[in-house]
1. From Lys223, Lys138, grab the single residue that is in the same structural domain as Ile663 (by TED's automatic domain parsing), on the phi < 0 side of the Ramachandran plot and surrounded by fewer than 18 Cβ atoms within 10 Å (Cβ to Cβ).
2. Scan (1) surrounded by fewer than 16 Cβ atoms within 10 Å (Cβ to Cβ); (2) touching a strand residue (DSSP E or B) at 6+ places or on another chain (Cβ under 7 Å); (3) among the polar types (S, T, N, Q) for the single condition Gln563 breaks and write down its number.
3. For residues that are farther than 13 Å from Ala345 by Cβ and either buried (at least 19 other Cβ atoms within 10 Å of the Cβ) or of a type in the set (Phe, Trp, Tyr) (or both), tally how many sit in the stretch 525-540.
4. Restricting attention to the stretch 158-178, does a residue exist that is touching a Gly at 6+ places or on another chain (Cβ under 6 Å) and of a type outside the set (Lys, Arg)?
5. Does Glu192 qualify as being within 30 Å of Leu522 (Cα to Cα) and either free of Cβ contacts under 8 Å to residues at least 12 places away in the same chain or in the same structural domain as Leu25 (by TED's automatic domain parsing) (or both)?
6. When you go through Gly631, Gly615, Gly652 one by one, which is the residue that is surrounded by fewer than 24 Cβ atoms within 10 Å (Cβ to Cβ), among the small types (Gly, Ala, Ser), under 30 Å from Arg39 (Cβ atoms) and in contact with a helix residue (DSSP H, G or I) (Cβ under 7 Å, 6 or more places away or on another chain)?
7. Quickly run through the stretch 550-585 and pick out the residues that are of a type in the set (Val, Ile, Thr) and within 19 Å of Leu243 (Cβ to Cβ).
8. Please go through the stretch 516-568 and give me each residue that is of a type in the set (A, V, I, L, M, F, W, C) and closer than 24 Å to Leu262 by Cβ, ordered by number.
Amino acid sequence: MKRTRLFIFLLLAFSLVHADEGLWLFNAIPESQLASKFRFKPAKEFLDHLRLSSVRFGGGSGSFVSPNGLIFTNHHVASRCIQDVSSKEHNYMRDGFYAGAQEKELKCPGLEVQVLLDIQDVTERVNQAVTAAPSDPKAATQRQAAMNTIEKECMDRHGGSCSVVTLYSGALYHLYRYKKYTDVRLVFAPEEAIAFFGGDPDNFTYPRYDLDITFLRAYEDGKPAATPHYLKWSRGGPREGELALVSGHPGSTDRFITLAQLEFLRDVSYPRTLRYLSGIIQSLKEFGARSEENHRVARGKLFGAENSFKVRDGEMKGMREAWLMEAKRRSEEQFRAAAAANPKAKEELGGAFEQVAAAYQKWRARSPEYLLESGAILCDMFTYARHLYRLAEERPKPNAERLREYSDAALPSLEHRLFAQTPVTPELEALMLQKWFELLSSELGASHPVVRRILEGRTPADAARGYVFSSKVHDVNERKRLAADAPAVRNSSDGMIRLVRMIDPHARAIRKVFDEEFDPVLRDASSRIARARFTLYGTSVYPDATGSLRLSFGAVQGYRNAQGQPVRWATDFDGLYRRATGEDPYKLPARWLERKSALRLRTPFNFVSTADIIGGNSGSPTVNTRGEVIGIVFDSNYEAMHNRFVYGMDRGERCVHVASSGIIEALRSVYGATRVLQELGFATAAK
């Protein structure tokens, strides 16, 4: 009997984590895994330096690469900044940007980047604050109050930004303390045509030929920030077979959810999202086709929608693959067998899997209503109006009782975004609001009381234009005025404020249902599953991604595609020119055609590795075992789309990077970006 239990335990432990799998916590690195395969054991100083050199963007990653605040990230991560500092006269998305002198660096409105300074385990304190039964709605309120309080105490003591991160579905709570920079300026960006060469057709494919990079700079007190922790640049670039380490902020994964949760995503959540994104993409294309200026202002939203659609579509195809669902079922069975063989894990687990299945079955009928709480996320004016209205409602409450996004710890970053001088195009805002109204009509039904009240007998298009063009929340001065006067918000006749005011009671009601009826049950069950897993494996199994800093790693290595053909580990500039057709999206910027002869065409441009990444890792620095930059993450191939649910490398799943050597060659031979090259430690003359 003991041998059988041991066999089951070892089988599950082996099946949980593959050779290069893992989005690892910086304070729980798999040292034995790195040592056994790559003969590398990172010292604490190495990890601390990498952590302190890494920066977090909203939804992306980056790194410091000079002692003077120079930040390295993707073009698509920085695209909102590039677009916001552009104008009809200066289209930096189309033409690129280079600040030849410090005073020409352009401030990015509303952009904030953060550096993780410290991690503290606060699990015991959070758990002690929760005195109600796990499935009691009061438990969620007590937990939220504890987290808000811990974050406020941290900020009062240290400043910066503090966030309690939930790990292993609540088995652990860690307090992350950040230094933040709110003055970030654009230094260099290539043309979008080379940053996103191949456009949507090549997105999530390989081979690739993209210069998906941007350089920004953090400032403090009006001067370039002093950043003693920064990553030095490799002189030789990436090499086939070497270990590549990736430090970044993966957004979310679902590798440890139950089969019932996966079926909900496949059958309910993903189809709804794909239908919505499909309509958004079509409308944005039509809007952009009307004029060059329309194309410019809509480009960012179109890229985001197309990118999200392709991600979700690839993940959906993965969930429809028999092998993936079978792998999930088998993994669940193995885990339950291992838990049954361990008295403590068995007690922790109880009937948690059945509890999750029952909760999701109940939530299916209510989930469309949650669209009211999710809001019109692609309409900036709706977002502004909702924040203004909820600030008026939440600020008077004690900090511990507020919604998490309006806690004292969250307010500085929220206000930084809310009061930024970000350009808004009302016509585009009306279109985005219209598409949300159409989604509500489709999912809730035209007879739903909220839908009827919003539309008031009008078409979604007419209703959206009515709200947008009777609003002034696009004006930052108006937003500041309303934010300082709660009664003015509550009584405002502003179109977007009125819209939010009529929706908010219903949005809060469904959020309350979620928070008090669905989430406590799900959190209790998921926490018990996580604790059982934690009992068996501890931190030898990484937690699902949460947007917090993680380390992943893998080999620089090619693969065989679905047709069995070998795919080389790196592309080069010669391949770029052979791929170029002169027609969008394979049309090169003029300077790339003019300066072809100056380039060393065999220089590695993009490359692939087996490193484990997910959305949010975009912009992550890729370093070698000496901690030198050898590249930057910007994508994965289509074969890796299912990695959200199941990590793999046997079907050709790869992470795609821009090679450091290709970046230097482009900066030197195409752009003549002397300031950037010198700051990275490179001479400007060609070898």
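1. None of the other options fit; the residue is Lys223.
2. Checking Gln563 against (1) surrounded by fewer than 16 Cβ atoms within 10 Å (Cβ to Cβ); (2) touching a strand residue (DSSP E or B) at 6+ places or on another chain (Cβ under 7 Å); (3) among the polar types (S, T, N, Q), the one that fails is (2).
3. Number of matching residues: 3.
4. Yes, the stretch 158-178 has at least one match.
5. So Glu192 fails the test.
6. Gly652
7. Val556
8. Phe518, Val521, Leu522, Ala525, Ile529, Ala530, Ala532, Phe534, Leu536, Val541, Ala545, Ala562
The values are calculated or read from the model by the stated rules, or taken from the named source; none is laboratory data. These numbers were taken from a predicted model, which means no experiment stands behind them. Neighbour counts run over all protein chains shown; Cβ positions are idealised from the backbone, glycine included.
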